[in-house]
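The values are calculated or read from the model by the stated rules, or taken from the named source; none is laboratory data. Quick caveat: nothing in here was measured; it's all calculated off a predicted structure. Glycine also receives a Cβ, built like all others from the backbone with ideal geometry; neighbour counts cover every protein chain displayed.
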Ligand SMILES: Oc1ccccc1CN[C@@H]1C=C[C@@H](O)[C@H](O)[C@H]1O
């Protein structure tokens, strides 16, 4: 597989090509081979989230994250850290004191700082970029800029600035990203813009915006995507696509019930639509290679995607460039043919 040209080779003059991994994929075998042939960057899908890596106040679970970091260093892959501060997959202890009461602002800030310092210091040198804060902006058309997470309720909006300042203090060389999804939605995009512009205006160390890129056959349009890339880049920030997948189901199927139309079958029509959509996405990425420093896929192949259980549990999805046998799909050839 060493002489097979992979995505990373086709895109060596554009941006790094990454993949979200779990430690089990890194043992010798087809998945490790595919990773090494196709990608030059990785992100831990779950192992470096607050709950998985720091399950109790005085206990860290380093082994899974260490395995990913060691694989990256040993094989010369870049590594993105995901994620230092996020309202999901947080450990139960984080917001409660010994009596089971909600902690004060001061206690939570001290815990957040300790978490960030411990995790960032351990992977300093292996991780070049961190998703410092993930998904701090709410969906919907309301005027609220800040998601009403426990971080927001207990600390206030300054938790975001402080998380970035802590991460920068822990590793002044790491590139620090704000990461979010639905960044092509006009209302949400503007809120994220105001948030990161506010941070920059205050001299907060933030270096980039991650567009997660959890899209579908039907979204975004080329125009919406270009507007997002150029808007955030206009602030002098790097842009990365951090969690790319293209679901075969339309957004309106996001209700948690399965629709009878969801046959969980990858039809030839889906194959063609997905190939055309990935072709468009990568045409836009290449056009803006001066603004985009990395594109990371969320999961490796259609063998497993987080979308197989979200937003509908048990509804198989087919969102990636490699099929369930790790073979390149039609979309792969559209992405590398330019
Ligand atoms: O697309 C969404 C819609 C609603 C909530 C969250 C998301 C995306 N949220 C992402 C998805 C999977 C997780 O593994 C990532 O850590 C998270 O950043």
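Among 208, 236, which is the only one that is modelled with pLDDT of 95 or more, within 22 Å of residue 176 (Cα to Cα) and within 16 Å of the ligand (Cβ to nearest atom)?
Answer to the selection: 208.
List pairs: first in the stretch 224-247 and under 18 Å from residue 20 (Cα atoms), second more than 16 Å from the ligand (Cβ to nearest atom) and part of a strand (DSSP E or B), Cβ under 6 Å, 6+ apart or cross-chain?
239/292; 240/293
When the residues of the stretch 305-337 are filtered to those that are out of contact with any helix residue (DSSP H, G or I) (no Cβ under 6 Å at 6 or more places or on another chain) and closer than 15 Å to residue 6 by Cβ, which remaining residue is surrounded by the fewest Cβ atoms within 10 Å (Cβ to Cβ)?
Taking the stretch 305-337 and keeping what is out of contact with any helix residue (DSSP H, G or I) (no Cβ under 6 Å at 6 or more places or on another chain), we get 305-310, 312-315, 318, 320, 322-325, 327-329, 332-333, 337.
Now narrow it down to the ones that are closer than 15 Å to residue 6 by Cβ: 320, 322, 327-329, 332-333, 337.
On the way: 320: 26, 322: 21, 327: 12, 328: 17, 329: 20, 332: 19, 333: 13, 337: 9.
Applying the filter and picking the extreme gives 337.
Which residues, counting only those in the stretch 10-34, are under 30 Å from residue 290 (Cβ atoms) and out of contact with any strand residue (DSSP E or B) (no Cβ under 9 Å at 6 or more places or on another chain)?
Here is the first cut: in the stretch 10-34, the ones under 30 Å from residue 290 (Cβ atoms) are 10-21, 34.
Result: 12, 13.
Look at residue 37 and say whether it is within 28 Å of residue 291 (Cα to Cα), buried (at least 22 other Cβ atoms within 10 Å of the Cβ) and in contact (Cβ under 8 Å) with a residue 24 or more places away in the chain. Don't jump to the end; show me each part of the working.
Details: within 28 Å of residue 291 (Cα to Cα): yes; buried (at least 22 other Cβ atoms within 10 Å of the Cβ): no; in contact (Cβ under 8 Å) with a residue 24 or more places away in the chain: yes.
The answer is no for residue 37.
For the stretch 107-140, which positions are crowded, with 23+ Cβ neighbours inside 10 Å and more than 22 Å from residue 67 (Cα to Cα)?
If the condition is that a residue be crowded, with 23+ Cβ neighbours inside 10 Å and more than 22 Å from residue 67 (Cα to Cα), then 133, 134, 136, 137 are the ones that fit.
So that you can scan it fast, the table gives a plain yes or no per residue for (1) modelled with pLDDT under 95; (2) in a helix (DSSP H, G or I); (3) over 19 Å from residue 95 (Cα atoms); (4) within 12 Å of the ligand (Cβ to nearest atom):
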site	(1), (2), (3), (4)
139	no, no, yes, yes
165	no, yes, yes, no
172	no, no, yes, no
176	no, no, yes, no
188	no, yes, yes, yes
198	no, yes, yes, no
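Working carefully through the options 42, 48, find the one that is surrounded by 21 or more Cβ atoms within 10 Å (Cβ to Cβ), modelled with pLDDT of 95 or more and not in a strand (DSSP E or B).
Numbers: 42 fails: not in a strand (DSSP E or B).
On inspection, the qualifying residue turns out to be 48.
Return yes when residue 101 is surrounded by fewer than 13 Cβ atoms within 10 Å (Cβ to Cβ), under 19 Å from residue 17 (Cα atoms) and at pLDDT 95 or above and no when it is not.
No, not satisfied.
Test residue 293 against the criterion of being modelled with pLDDT of 95 or more and within 12 Å of the ligand (Cβ to nearest atom), and give yes or no. Even if it seems obvious, please write down each step before you answer.
Details: modelled with pLDDT of 95 or more: yes; within 12 Å of the ligand (Cβ to nearest atom): no.
So residue 293 fails the test.
Out of the residues in the stretch 141-153 that are closer than 20 Å to residue 110 by Cα and in contact with a helix residue (DSSP H, G or I) (Cβ under 6 Å, 6 or more places away or on another chain), state the one that is surrounded by the most Cβ atoms within 10 Å (Cβ to Cβ).
Here the residue is 151.
Sort out which residues of the stretch 70-91 are free of Cβ contacts under 8 Å to residues at least 60 places away in the same chain, touching a helix residue (DSSP H, G or I) at 6+ places or on another chain (Cβ under 8 Å) and either assigned to a helix (DSSP H, G or I) or more than 16 Å from the ligand (Cβ to nearest atom) (or both), and write them in order of number. Full working, then the answer.
Taking the stretch 70-91 and keeping what is free of Cβ contacts under 8 Å to residues at least 60 places away in the same chain, we get 70-77, 79, 86, 88-89, 91.
In the following step, the residues that additionally are touching a helix residue (DSSP H, G or I) at 6+ places or on another chain (Cβ under 8 Å) were identified as 71, 75, 77, 79, 86, 89, 91.
Correct list: 71, 75, 77.
Inspect the stretch 267-289 for any residue being in contact with a helix residue (DSSP H, G or I) (Cβ under 8 Å, 6 or more places away or on another chain) and in a loop (DSSP other than H, G, I, E, B) and give the result as yes or no.
yes
Given the criteria surrounded by fewer than 19 Cβ atoms within 10 Å (Cβ to Cβ), over 21 Å from the mean Cα position of the chain (by Cα) and more than 16 Å from the ligand (Cβ to nearest atom), does residue 156 qualify?
Numbers: surrounded by fewer than 19 Cβ atoms within 10 Å (Cβ to Cβ): yes; over 21 Å from the mean Cα position of the chain (by Cα): yes; more than 16 Å from the ligand (Cβ to nearest atom): yes.
Yes: the conditions hold for residue 156.
Hey, among the residues in the stretch 311-338 that are in contact with a strand residue (DSSP E or B) (Cβ under 9 Å, 6 or more places away or on another chain) and in a loop (DSSP other than H, G, I, E, B), which one's farthest from residue 295 (Cα to Cα)?
317
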